[in-house]
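Peer 1: Take this structure first; my questions come after.
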Amino acid sequence: MNFDKAINRINTHSDKWDMMEENYGVDPTKGTPMWVADMDFEPPIEVNNALSLMAKQGVYGYYGNDKSYREAIVGWMGRRHNWDVDPDHIFSTHGLVNGTALCVQSFTNVGDSIVLFTPVYHAFSRVINAADRKIIECELEINNGRYEMNFDKYDSQMDGSAKMAILCSPHNPGGRIWSIAELKQVAAFAEKHNLILISDEIHHDITFGSKHTVMQNAAPEISERLVMMTAATKTFNIAGCHTGNIIIVDNKLRAKFAKTMKATGTSPNSFGLYMVEAAYKHGDKWVDELCEYLDGNRKILDNTIAKIPGVKSMELEATYLSWVDFSDTGMCKADYIDRVQKQAQIASSHGDTFGTGGETFLRFNFATQREVLSKAMERLQKAFNDLQ
Ligand SMILES: Cc1ncc(COP(=O)(O)O)c(C=O)c1O
């Protein structure tokens, strides 16, 4: 796959490109969008072929018989994650933000609390707040430049109101792959406080050498309270198809989730199912090459950041989202954001939207053509020239 191929996404209804001027004041013809988590790459050819086949037939009716689609998910999880998934345990939602919302509806009531390990992917809090649930923010600690959890502290924050916890694994925005020992600690925490645990593993295919372990394998002993969420959408850059996998082993938990699916009339769109099936069946080599390419991009970004005094990027084990701390520049937020957006012409996600602990950070999505990234990094370095 040629990830260097230039692709113009301006005026294509791309959120990342076509909304950045409105959101960040960065002109897409001059600047670089490094915010929303999608990539500027075409998916594996088989995904586009699947859509072409649909278009060739030219009829877009209701989708039925999803056996081959489920088999494709089972095959991928077995091959790539050593995870034996029962096809009957899979639900298809409209992506994982929708999946999160359906979990909130299924397993908590209005007024209950939900634990988030912050800073963390911002849509979790958006969904929880909109559903009139409360958030208990268990803040991650930075030790030796990476996020770790402190369960003694989190235990003391529990007041009996929490019914659910959401773990982001691998972690967005910190790029951590949690170790098996850490996953077991999260599982024990969920047991201790009687929480349903949602493990959002949407980023689990994009890793840089370290091995990700799915929570279901790390802690099968908590199956009765575990909901797994995965998707092909980040992995294969098909987020627009809005299709996610919710995988639940426990019968009672599954029945509750199935009821919410019914109550909300949730059933997937056929385009998503065609695309996901093709990706999971044929995308292995593509993902291996993607990770290699992204690793090169990661190094370019890290090398640039390392040259700017007071600015630090967290070492990424997974995801194409670099988490960069500006706290040691001594600048106020408005100043460094002004330099990034106005001088470097880069739109990056503001850290405070990720919850407590994210305030001094910006998140940079580096999943773009290397040439585009290199130019953006030249501008970034220039914008902080006076510090060097
Ligand atoms: C951890 C995490 N979960 C979910 C999503 C979005 O999921 P979807 O597009 O399937 O709603 C993202 C997107 O960046 C994410 O980082």
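Peer 1: Would you kindly derive the ³J(HN,Hα) couplings of the stretch 237-244 from the backbone phi angles with the Karplus curve 6.51 cos²θ - 1.76 cosθ + 1.60 (θ = phi - 60°), listing them in order in whole Hz, with x for Gly and Pro?
Peer 2: 6, 10, 4, x, 7, 6, 9, x
Peer 1: Using Cα-Cα distances under 8 Å and only pairs 6 or more residues apart, what relative contact order does the stretch 59-281 have, in percent?
Peer 2: 26 percent
Peer 1: With 10 Å bins from zero, work out the P(r) of the stretch 59-281 over every alpha carbon pair and list the percent per bin.
Peer 2: Values per bin, smallest distances first: 8, 35, 38, 16, 3, 0.
Peer 1: Which residue, chosen from 287, 347, 357, occupies the Cα position most advanced towards the positive end of the dipole of the chain, where the dipole is computed from +1 (Lys, Arg) and -1 (Asp, Glu) charges on Cβ about the Cα centre?
Peer 2: Toward the positive end, the furthest listed residue is 287.
Peer 1: Please give the Cα centre distance for the stretch 35-82 versus the stretch 108-122, rounded to the nearest Å.
Peer 2: The stretch 35-82 and the stretch 108-122 have Cα centres separated by 31 Å.
Peer 1: Right, here's the next one. Considering Cα pairs under 8 angstrom that are at least six residues apart, work out the relative contact order of the chain and quote it in whole percent.
Peer 2: Relative contact order comes out at 24 percent.
Peer 1: I'd like to compare 2-10, 265-273: which one has the highest average count of other Cβ atoms within 10 Å, and what's the full order after that?
Peer 2: 265-273, 2-10
Peer 1: If I compute solvent accessible area with a 1.4 Å probe over the protein chains, what percent of it on the stretch 59-281 is carbon and sulfur?
Peer 2: Roughly 50 percent of what the probe reaches on the stretch 59-281 is carbon or sulfur.
Peer 1: Let me ask something additional. With the cut-off at 1.5 for a/c, could you classify the stretch 190-299 from its C-alpha gyration tensor as rounded, prolate or oblate?
Peer 2: oblate
Peer 1: Can you pull out the trypsin sites (Lys or Arg not before Pro) in the stretch 179-235 whose DSSP state is coil and whose Cβ has at most 11 other Cβ atoms within 10 Å?
Peer 2: In loop regions of the stretch 179-235 (DSSP not H, G, I, E or B), the sparsely surrounded trypsin sites (Lys or Arg not before Pro) are 211.
Peer 1: A further question follows. About its Cα centre, how strong a charge dipole does the chain have in debye, to the nearest 20, once Lys and Arg get +1 and Asp and Glu get -1 at the Cβ?
Peer 2: 540 debye
Peer 1: Let me ask something else about it. Going down the table (184/259; 5/211; 134/333; 234/256; 211/262), which pairs top 32 Å between alpha carbons?
Peer 2: Flagged as over cut-off: 211/262.
Peer 1: Could I ask something else about it? Nearest 5 is fine: what % of DSSP beta bridges in the chain come out antiparallel, could you say?
Peer 2: 50 percent
Peer 1: Return one whole number: the accessible area per residue of the stretch 59-281 in Å², for a 1.4 Å probe.
Peer 2: For the stretch 59-281, the per-residue accessible area is 40 Å².
Peer 1: Charges on Cβ only, +1 for Lys and Arg, -1 for Asp and Glu, centred on the Cα centroid of the stretch 148-292; of 255, 181, 171, which one is farthest towards the dipole's positive end?
Peer 2: 255
Peer 1: Something else about it: Kindly identify the stretch 118-246 as rounded, prolate or oblate by the Cα gyration tensor criterion: order the square roots of the eigenvalues as a ≥ b ≥ c, call it rounded if a/c is under 1.5, otherwise compare a/b with b/c, prolate if a/b is larger, else oblate.
Peer 2: Judged from the Cα gyration tensor, the stretch 118-246 comes out rounded (a/c under 1.5).
Peer 1: Further question: Give the long-range amide H neighbours of residue 134: residues separated by 5 or more places, or on another chain, with amide H under 5 Å away, using H modelled in the peptide plane at 1.01 Å from N.
Peer 2: Amide H neighbours of residue 134, under 5 Å, 5+ apart: 111, 112, 113, 114.
Peer 1: Between the stretch 219-289 and the stretch 135-193, what's the alpha-carbon centroid distance in Å?
Peer 2: Taking the Cα centre of the stretch 135-193 as reference, the centre of the stretch 219-289 is 23 Å away.
Peer 1: Something else about it: Give me a comma-separated list of calculated 3J(HN,Hα) values for the stretch 260-273, in order, Karplus coefficients 6.51, -1.76, 1.60 applied at θ = phi - 60°, integers in Hz, x for any Gly or Pro.
Peer 2: Values per residue, Gly and Pro as x: 5, 4, 5, 5, 9, x, 8, 9, x, 8, 5, 4, x, 5 Hz.
Peer 1: Write down the percent of antiparallel bridges among all DSSP beta bridges whose residues are both part of the stretch 59-281, to the nearest 5.
Peer 2: Taking every DSSP beta bridge with both residues in the stretch 59-281, the antiparallel ones total about 35 percent.
Peer 1: Same structure, new question: Please give the contour-minus-distance gain from residue 134 to residue 327: 0.36 nm per residue of separation, less the Cα-Cα distance, rounded to one decimal in nm.
Peer 2: Working it through step by step, the gained length comes to 66.6 nm.
Peer 1: Another one. Using θ = phi - 60° and the Karplus form 6.51 cos²θ - 1.76 cosθ + 1.60, what ³J(HN,Hα) does each residue of the stretch 366-374 get, whole Hz, x for Gly and Pro?
Peer 2: Working through the residues one at a time gives 9, 8, 9, 4, 4, 5, 5, 5, 4 Hz.
Peer 1: So for each of 53-64, 274-285 I average, over its residues, the number of other beta carbons within 10 Å; can you give me the resulting order with the highest mean first?
Peer 2: By packing density, highest mean first, the sequence is 274-285, 53-64.
Peer 1: Please state, to two decimals, what the Cα-based radius of gyration of the chain comes to when divided by 2.2 N^0.38 Å (N = residues).
Peer 2: 0.97
Peer 1: Let me ask something additional. So for the stretch 59-281, taking the charge dipole from beta-carbon charges (+1 Lys/Arg, -1 Asp/Glu), which of 110, 241, 129 sits furthest toward the positive end?
Peer 2: Comparing the listed Cα positions along the dipole, 241 ranks first.
Peer 1: Continuing with this model, one more query. If you put +1 on each Lys and Arg Cβ and -1 on each Asp and Glu Cβ, how big is the dipole of the stretch 59-281 around its Cα centre, in Debye rounded to 20?
Peer 2: 460 debye
The values are calculated or read from the model by the stated rules, or taken from the named source; none is laboratory data. All values derive from a computational prediction rather than experimental measurement. Heads up, the Cβs are rebuilt from the backbone with ideal geometry, glycines too, and the neighbour counts pull from every protein chain shown. Please note that ligands, DNA and RNA were not included when accessible areas were found on the heavy atoms of the full protein model with its side chains. Shrake-Rupley method; radii C 1.70, N 1.55, O 1.52, S 1.80 Å.
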